[in-house]
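Enquirer: Here's a structure for you.
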Amino acid sequence: MGRRLIRRAFGAAVTALAAGLLATVPAAAVDETAILAKRPPEQLSAFGFFADAAAQLPAEGVLPFAPATPLFTDFAEKWRFVYMPEGKSAGYDEEEAFHFPVGAALIKTFAYPDDSEDGLHLVETRVLLHQDSGWQAWAYVWNEDQSEAELNIAGAKIGMEIPLPDGGVKAITYAVPNKNQCKGCHAINGAVTPIGPKARNLNHAFDYGEGTENQLARWIGTGLLTGAPQPADAPSVPDWLDETAPLDARARAWLDINCAHCHRREGPASNSGLFLTWSEKDQTAYGINKRPVAAGRGSGGLHIDIAPGKPEESILLYRVVSDEPGVMMPELGRSLTDPRAVELLRDWISSLN
Amino acid sequence: MKTILEAAALAPLALAPLALAASLTLSYAAEITVTPFDGPEKLAEALILAEEGDTILLQPGRWNLTDGLSLDADGVTIRGAGPDRTILSFTQQSGSGEGLLVTSDRVVLEDFAVEDTKGDGIKAKDSDQITMRNLRVEWTNGPDEKNGAYGLYPVSSRNVLIENSVVRGASDAGIYVGQSQDIVVRGNRAEYNVAGIEIENSFRADVHGNTATHNTGGILIFDLPNLPQQGGHDIRVFDNDVADNDTPNFAPEGNIVGIVPKGMGIMVMANRNVHVFGNRLSGNATTHMLIAAYPEDYDDDEYMFVPRGVYIHDNTYGEGGNAPDEGEVGKLIAGITGEPVPDIVWDGVTRIPEWFSWVSAGNRVYIKEAEDTTFASLKMISQLLLPWSSSPNRDIADHAGSLPEPAPVKLAQEAGS
């Protein structure tokens, strides 16, 4: 691919989205049969999720959302949407992902800002489709002229140059996950499960273009969510970059969304005994003075997952800093190190005693 | 490329129309042949698209893989043309924590090799009935702390069979079975790893007929705290050749196998009801057999750090203990026993209440060996790595007695044979 993407302020893209929402959006309908079909369509457009896919403008009945703290994937920007079948709603859960009805879909586009008219270079769109047999995960890779995304089952490696937050440009090999790798993160007790749409992740304000509103309130108000308490009574994680939030909460929020999909008692890394979920109360289980079990060279010669007050002696930080396969964590989803996360975790571990 | 074999449907064809109708509902077992000339993507795709009953045939040759492979379909066999003919090379791997990851049930992996993965070689997680047969996992540069941790690595699995395979160069354990239940490890060769074969936090394992040589330590039976499955028990280690384990420990620091001294034959740490018998041990220069408590501090009320019920009998001991490792554990042992270090060493750690009273019969260490077998209890104080007496107890007769042997492990995948 090798297309050079020029850095552009994230705000500009948001403005473009807002402007688009305020403009007359052509009515487009989501095709529920595509969501429920045994074989996924070859093209993303068959679902009808977007009114204008290139600008990531959703079709009617498709709502954008964002977690307070996102998973890091090589600085990609993400556009997330939920589709709920007509007249249906998701059931509230205080701890886990909401209980979505069959026919619901979660859509997530990975993109980098560029100098095109809409300011976005789309890389891939992943969909989670809730069928009778459970959730199905598929990835669609956008073509060069951004007119369509094609189903990709076996995964793909895409060479590209991406803009960095500090203004630089970096050549990376972007990895589109294969079907099994989707499950590498989205699995609880072996079954595919959404990660993001949990109460604590959505319980914060979101700019819907026509106005800002708490997402839980919006979901409750529009009938997408039932059984939920008022936002004030629901759990909430902070934005990990919000320096006014407590350091401990910011770090735990980051670990929850970046690590806990595997590092939880029911997850793919259950055998490690390291559980980084937001609600984990057992200090040893979330790494404090815990010895590794199967870290191999991932230990970096260190003995303790989180050595309180000693970030340089903590395996957890060593693996977040690393970009080397077999050492770096998470294992999937990134090839670069996020220096902001390293700084946050270093400060957090330093603060522990 | 996909050849459909209607073997299941052919037999009823000759019988009655009724049988034919019934056969139409049977799923087709397909054979999918993949060759190295198709490139790594085809192989990855074949594994992803595999369906129940399929056999994926890997033709001879060498694949150069840049990413880990994964299998998530039940009832699939992956078969190569032999561990020296079908080679999956991961020298250029740039992603994933292992070479091949299996997360499904009733899977057979056989007759191929995995080389030079960045992390573990072949991992199976949460798999019921996983068979690894006639495989080779190797880091071709020899012992190096940059090698992956585990070669053959079933974890949190049930009905685990590992047989007739070869593993070389793992920086932790060549064959590592962790937090699993009902395990048979037989007829394998583990060499030039830190640990040859390790059974950790597992229930019901038979480890027999293996050769563990030129590792740091030959066979380890460990139990560790703070894990979802702990309290390993009912382990039989028998009829193995454990010889010349003489590779310096090259585990990255921080890993529990880092404590294993060069020249360790068989080591039992924590666990309940472990039977070690009929093994042939020689050329293990620290000691042939070590029975020990978990030595690190930990915070886990559920964990039992001392071995409970160990029975060692009818093994044969050649030369050994004559050049103990210079590291912490080797020096500690030899400092107490002198050289040569006895054939069998027990750290002598008991729980504090038992130190003041006694250890119940089912929890003791029993030894029944040939008359010239040497023994020492180090009489260590728990977790201090210090003896409470300067002279070890060398009286093997203190350990007379026996324990009832666990029944042989029965594997679900062998139930029909």
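The values are calculated or read from the model by the stated rules, or taken from the named source; none is laboratory data. This is a predicted model, so every value here is computed, not measured. So basically every Cβ, Gly included, is an ideal-geometry build from the backbone, and we count neighbours across all protein chains shown.
Enquirer: Name the pairs: first residue in the stretch A:162-184 and within 13 Å of residue A:74 (Cα to Cα) and at pLDDT below 90, second residue not acidic (Asp, Glu) and not in a strand (DSSP E or B), Cβ to Cβ under 8 Å, at least 6 apart or on different chains?
Expert: A:165/A:75; A:165/A:340
Enquirer: Say we look at the stretch B:216-225 and pick out the residues that are within 14 Å of another protein chain (Cβ to nearest Cβ) and assigned to a strand (DSSP E or B); which of these is surrounded by the fewest Cβ atoms within 10 Å (Cβ to Cβ)?
Expert: B:222
Enquirer: Which of the residues spanning the stretch B:182-215 are within 19 Å of residue B:113 (Cβ to Cβ) and within 14 Å of chain A (Cβ to nearest Cβ)?
Expert: B:193
Okay, residues lined up against (1) over 23 Å from residue B:397 (Cβ atoms); (2) in contact (Cβ under 8 Å) with a residue 12 or more places away in the chain; (3) in a helix (DSSP H, G or I):
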site	(1), (2), (3)
B:290	no, yes, no
B:294	yes, yes, no
B:298	yes, yes, no
B:301	yes, no, no
B:304	yes, yes, no
B:330	yes, yes, yes
B:341	no, yes, no
B:354	no, no, yes
B:358	no, no, no
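Enquirer: Next question. Which residues, taken from the stretch B:134-181, are acidic (Asp, Glu), surrounded by fewer than 24 Cβ atoms within 10 Å (Cβ to Cβ) and within 10 Å of chain A (Cβ to nearest Cβ)?
Expert: Within the stretch B:134-181, B:144, B:145 meet the criteria.
Enquirer: Still on this structure, please answer the following. Among residues belonging to the stretch A:147-160 that are touching a residue at least 40 places away in the same chain (Cβ under 8 Å) and buried (at least 17 other Cβ atoms within 10 Å of the Cβ), point out the one that is farthest from residue B:65 (Cα to Cα).
Expert: A:149
Enquirer: Where residues in the stretch A:264-293 are among the hydroxyl-bearing types (Ser, Thr, Tyr) and not in a loop (DSSP other than H, G, I, E, B), which of them is nearest to residue B:157 (Cα to Cα)?
Expert: A:270
Enquirer: Output yes when any residue across the stretch A:297-305 is crowded, with 24+ Cβ neighbours inside 10 Å, closer than 13 Å to residue A:352 by Cβ and facing chain B (nearest Cβ under 10 Å), and no when none is.
Expert: Yes: one or more hits.
Enquirer: Also, quick follow-up: Quick test for you: out of B:50, B:7, B:21, pick the one residue that is within 29 Å of residue B:82 (Cβ to Cβ), at pLDDT below 50 and not acidic (Asp, Glu).
Expert: B:7
Enquirer: Something else about it: Check off (1) within 14 Å of chain B (Cβ to nearest Cβ); (2) on the phi > 0 side of the Ramachandran plot; (3) not aromatic (Phe, Trp, Tyr) for residue A:182 and give me the number that stays unchecked.
Expert: The number of the failed condition is (2).
Enquirer: Check off (1) over 21 Å from residue B:304 (Cβ atoms); (2) surrounded by fewer than 14 Cβ atoms within 10 Å (Cβ to Cβ) for residue B:358 and give me the number that stays unchecked.
Expert: Of everything listed in (1) over 21 Å from residue B:304 (Cβ atoms); (2) surrounded by fewer than 14 Cβ atoms within 10 Å (Cβ to Cβ), residue B:358 misses just condition (1).
Enquirer: When only residues in the stretch A:317-336 that are within 12 Å of chain B (Cβ to nearest Cβ) and either of a type in the set (S, T, N, Q) or not in a loop (DSSP other than H, G, I, E, B) (or both) count, which is farthest from residue A:273 (Cα to Cα)?
Expert: Across the stretch A:317-336, the extreme among qualifying residues is A:335.
Enquirer: Continuing with the same structure: Which of (1) in contact (Cβ under 8 Å) with a residue 40 or more places away in the chain; (2) facing chain A (nearest Cβ under 9 Å) does residue B:125 not meet, given it meets every other one?
Expert: (1)
Enquirer: What pairs come out if I take residues in the stretch A:279-297 that are among the aromatic types (Phe, Trp, Tyr) and pair them with residues that are crowded, with 22+ Cβ neighbours inside 10 Å whose C-beta lies under 9 Å away, six or more apart or interchain?
Expert: Final answer for the pair search is A:286/A:252; A:286/A:255; A:286/A:263; A:286/A:274; A:286/A:275; A:286/A:276; A:286/A:305; A:286/A:306.
Enquirer: Here is a follow-up. Check off (1) farther than 17 Å from residue A:252 by Cα; (2) in contact with a strand residue (DSSP E or B) (Cβ under 8 Å, 6 or more places away or on another chain); (3) hydroxyl-bearing (Ser, Thr, Tyr); (4) crowded, with 24+ Cβ neighbours inside 10 Å for residue A:335 and give me the number that stays unchecked.
Expert: For residue A:335, the failing item is (4).
Enquirer: Sticking with this structure for a sec: Just wondering, is there one or more residues in the stretch A:197-210 that are touching a residue at least 24 places away in the same chain (Cβ under 8 Å), away from chain B (no Cβ under 11 Å) and over 28 Å from residue A:250 (Cα atoms)?
Expert: yes
Enquirer: Also, quick follow-up: Check whether at least one residue in the stretch B:246-257 is within 15 Å of the chain's Cα centre (by Cα) and within 14 Å of chain A (Cβ to nearest Cβ), and report yes or no.
Expert: Yes - at least one qualifying residue is present in the stretch B:246-257.
Enquirer: I'm trying to understand the selection: among the residues of the stretch A:153-164, which are part of a loop (DSSP other than H, G, I, E, B) and at negative phi?
Expert: Across the stretch A:153-164, the qualifying residues are A:153, A:154, A:164.
Enquirer: Which of the numbered conditions does residue B:34 fail, given that it passes all the others? Conditions: (1) modelled with pLDDT under 90; (2) within 19 Å of residue B:115 (Cβ to Cβ).
Expert: Exception for residue B:34: condition (1).
Enquirer: Quick check on the stretch B:184-205: of everything there that is more than 9 Å from the chain's Cα centre (by Cα) and among the hydrophobic types (A, V, I, L, M, F, W, C), which residue is surrounded by the fewest Cβ atoms within 10 Å (Cβ to Cβ)?
Expert: B:203
Enquirer: Output yes when any residue across the stretch A:165-177 is over 19 Å from residue B:101 (Cα atoms), away from every other protein chain (no Cβ under 14 Å) and either touching a strand residue (DSSP E or B) at 6+ places or on another chain (Cβ under 7 Å) or assigned to a helix (DSSP H, G or I) (or both), and no when none is.
Expert: Looking for residues that are over 19 Å from residue B:101 (Cα atoms), away from every other protein chain (no Cβ under 14 Å) and either touching a strand residue (DSSP E or B) at 6+ places or on another chain (Cβ under 7 Å) or assigned to a helix (DSSP H, G or I) (or both), one finds at least one in the stretch A:165-177, hence yes.
Enquirer: Any idea which residue in the stretch A:134-146 is surrounded by the most Cβ atoms within 10 Å (Cβ to Cβ), counting only those that are out of contact with any helix residue (DSSP H, G or I) (no Cβ under 6 Å at 6 or more places or on another chain) and in a strand (DSSP E or B)?
Expert: A:139
Enquirer: Mind checking which strands (runs of 3 or more DSSP E) fall wholly inside the stretch B:64-125 and carry at least 3 residues that are out of contact with any strand residue (DSSP E or B) (no Cβ under 6 Å at 6 or more places or on another chain), of a type in the set (Ser, Thr, Tyr) and surrounded by fewer than 23 Cβ atoms within 10 Å (Cβ to Cβ)?
Expert: Result: empty, no element qualifies.
Enquirer: Scan the stretch A:306-338 for residues that are under 23 Å from residue B:99 (Cα atoms) and without any contact (Cβ under 8 Å) to a residue 12 or more places away in the chain and jot them down.
Expert: Matches in the stretch A:306-338: A:324, A:325, A:328.
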